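Notes follow once the structure below has been shown.
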Amino acid sequence: MTFRAFQQRVCAKVAALADSFTAPDEDWATVAMLADSDDKITMLALPGDPAQQTAMILSVVGEVHARKAAVVISTWARAHPQAIRTRAGRAAAEAILGRAATSQAEQARIEAVLVMVLDEERIEAWLAPILRDGTHPPKLGSWRPSGQPAGPRLEQIKQALR
């Protein structure tokens, strides 16, 4: 499976999790998805501590001989300041909040699911806003690339995928 096919498959699985939600306050769990050379995906529920998350991922990467990994986190993100100065940026903030944003700071902060996808050569991040209306279970908006995250824990995972 190519890197892009894995990324798309992970993002689709994450979005599909919303179909199992029954309450408006449900959320996406922090998980890792690992793909081996036969394209079998292993999913791990991760603990809250980042160091323990990394240790667990590294342990299972070796066990399943993973070649690709994805880490899924529900988070709050900040929109780029230029984006909220546009009509489309304000509309996106309104769609996420379910009402008009009352301040520029409120427009800039969005609840989202972040997916970091790794293989031995690269790391990419993808972000989808969480859409809540307070009555129905949450859904995800469209996935958008969100840069190339970096850090020692991600580098450890990337190295283990070799």
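Nothing in this text is a laboratory measurement; each read-out follows from the coordinates by a stated rule. For clarity, every value in this text was computed on a predicted model and none was experimentally measured. Note that each Cβ is placed from the backbone with ideal geometry, even for glycine, and that neighbours are counted across all protein chains shown.
Miscellaneous remarks
- Taken over the range 115-126, the criterion of being touching a Phe, Trp or Tyr at 6+ places or on another chain (Cβ under 9 Å), among the hydrophobic types (A, V, I, L, M, F, W, C) and surrounded by fewer than 20 Cβ atoms within 10 Å (Cβ to Cβ) is satisfied by no residue.
- Any pair with Cβ under 8 angstrom, 6 or more apart, that starts in the range 22-44 at a residue that is within 18 Å of LEU58 (Cβ to Cβ) and ends at one that is assigned to a loop (DSSP other than H, G, I, E, B) and of a type in the set (Gly, Ala, Ser): THR30/GLY48
- Taking the criterion of being touching a residue at least 60 places away in the same chain (Cβ under 8 Å), under 11 Å from the mean Cα position of the chain (by Cα) and outside any loop (DSSP other than H, G, I, E, B), the only residue of the range 131-157 that qualifies is LEU140.
Condition check ((1) closer than 19 Å to GLN159 by Cα; (2) over 15 Å from the mean Cα position of the chain (by Cα); (3) in a helix (DSSP H, G or I); (4) of a type in the set (S, T, N, Q)) across all residues:
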position: ARG9; (1), (2), (3), (4): no, no, yes, no
position: THR22; (1), (2), (3), (4): no, yes, no, yes
position: ASP27; (1), (2), (3), (4): no, no, no, no
position: MET33; (1), (2), (3), (4): yes, no, no, no
position: ASP38; (1), (2), (3), (4): no, yes, no, no
position: PRO47; (1), (2), (3), (4): no, yes, no, no
position: ALA70; (1), (2), (3), (4): yes, no, no, no
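- Of the residues contained in the range 53-61, none is found to be surrounded by fewer than 18 Cβ atoms within 10 Å (Cβ to Cβ) and not in a helix (DSSP H, G or I).
- The single condition from (1) crowded, with 20+ Cβ neighbours inside 10 Å; (2) part of a strand (DSSP E or B) that MET43 fails is (1).
- Any chance ARG67 is of a type outside the set (Ser, Thr, Tyr) and surrounded by 15 or more Cβ atoms within 10 Å (Cβ to Cβ): yes
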